[in-house]
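Nothing in this text is a laboratory measurement; each read-out follows from the coordinates by a stated rule. As the structure is a prediction and not an experimental result, all values here were calculated from the model. Note that we place each Cβ from the backbone using ideal geometry, even for glycine, and neighbour counts take in every protein chain shown.
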Amino acid sequence: MFSRLFCLFAGDPLLSRAWEIAFRFVPFVLFFELPLYLLVILGVLRHGLARMNELPWRSGYYPSVSCIVTCYSEGEAVAQTIRSLAEQIYPGPIQILPVIDGAARNGGTYRAARAMEPVVAAMKNRTLQVIPKWQRGGRVSALNTARNFADGEIVMALDGDTSFDNDMVERATRHFEDRRVVAVSGCLRVRNVRASLATRLQAIEYFLSIQASKTGLSAFNVVNNISGAFGVFRRTVLDAVRGWDAGTAEDLDMTLRIKNYFARQGGNFRIVFDPEALGFTDVPETFRGFFLQRLRWDGDLSYLYFRKHWRSFSPHLVGWKNFFLMIWTGLLFQIVMPLVIILYTVYLLAVYPPLFVLSVLALIYLFYLVMTFLLYVPFVVLLSERPREDFSLLPWIVLTPLFAFAGRINNAFATLWELLGRGHEDTSMAPWWTTRKSKF
């Protein structure tokens, strides 16, 4: 079989049907993916140069911080989150506001949060106020409830199953000394990376798609999303946009609303991604759990773009740079491309013999394997705060092209489910009586 494969490619590279299909594939990659890789690489290098010239000291700007921690069924794990916030090496005041959504049914999480009250009370400049929402209302409801209690100049929206490095608050808040900065997206890493093969592959994905990619985009002030599990906002900005809006995908929804608001005010604003403000979250430990999670995430993207924020596809609302990136990285890269990949794969299987199809797919696999390796290694060197742990994942890179392909197939089904079946109404992030009331 392998000799036949070799002959297929090497016999006559200009006439081989394998190369014919490969050449059809290459422009697709060049126009949609390689330019994005180049943009990210340039942004990471620009970030590295800026860090080299950054002064080693910080001014005396230490604003008050309110940390809203949305909780649902974390149980004892919420204590780890609260402790990681209370033990921050930050001289300013930190207010910790865990909101227990559906506290009547989640007594374990509520009790675990309350048990941390004497621990936090003993710490200087730290306060803990546990907010029970007895009836479940969803993540957005929890965020807006806690916003009424938050008194910090900076407000953080955090997940209850996420813990943080002890310099996270210091790293995230330093950017707000620049009055143009309206929000900071924190960097999420995988906490349970050693739990399974699925978590290892997600750890590689998180590093490339969040820590590296968003660092690159931030260098050009085109951050595409403020993470829902780790978003940091100037309090006046939340007041200006009137808090979070009902429905799913509240993180991208908030990002688009902020861009809409400030673009209308003149456009002189910045959303920063900080790869040094680190949070560690638990990800699904099984492939089934991963695909179900992404079915919701990817479907919510289609819901926002096609139902709720279709008017945002305007340079007058988000500015030319953000408009271009929304078309490119959002609409084309995350919605159109997965559908095209399915059609392309079905076309191969229907038209060409199995050996030929296998040869083409092998070529595509090798391309993505080489690209992943060439991106992962230098990015770890330039950005990772834990390079030894990240390099230990190198053997699993051989599976990342297959993992990414399966993810894109799942993405395509999520898009179709949203467009044909309004999948955003069937979400685990909020009860049906909340999502069905949304006009979208």
Return the Rg/Rh ratio of segment 73-125 with Cα-based radii and a Kirkwood Rh. 1.00
In the chain, lysine pairs 8 or more places apart or on different chains with C-alpha atoms under 28 Å apart total 14
Helix 197-206 vs. the chain, principal-axis angle (Cα, 0 to 90°, nearest 10): 80 degrees
With N set to the residue count of segment 74-180, report its C-alpha Rg divided by 2.2 N^0.38 Å to two decimal places. 1.06
Report the one residue of 367, 341, 286 whose Cα lies farthest in the direction of the positive end of the charge dipole of segment 274-371 (charges on C-beta: Lys and Arg +1, Asp and Glu -1; origin at the Cα centre). 341
Which ³J(HN,Hα) values in Hz, rounded to whole numbers, follow from the phi angles of segment 401-416 under the Karplus curve 6.51 cos²θ - 1.76 cosθ + 1.60, where θ = phi - 60° and Gly and Pro get x? x, 5, 4, 5, 5, 4, x, 6, 4, 4, 4, 4, 5, 5, 4, 5
For segment 63-299, convex hull of alpha carbons as volume per residue, Å³: 116 Å³
Average silhouette area of the chain, convex hull of alpha-carbon atoms, in square nanometres: 22.4 nm²
May I ask for the angle, rounded to the nearest 10°, between helix 250-264 and the longest principal axis of the chain, with both axes built from Cα atoms and the value confined to 0 to 90°? 80 degrees
Taking loop as defined by DSSP and a crowding limit of 11 other beta carbons within 10 Å, which trypsin sites (Lys or Arg not before Pro) in segment 74-158 fit? 124
Nonlocal amide H pairs with residue 128, under 5 Å, H built at 1.01 Å: 96
Around residue 75, under 11 Å between beta carbons, what's the net of Lys plus Arg minus Asp minus Glu among the other residues? -2
Between beta-carbons, use under 11 Å as the cut-off and find the net charge around residue 231, counting Lys and Arg +1, Asp and Glu -1. -3
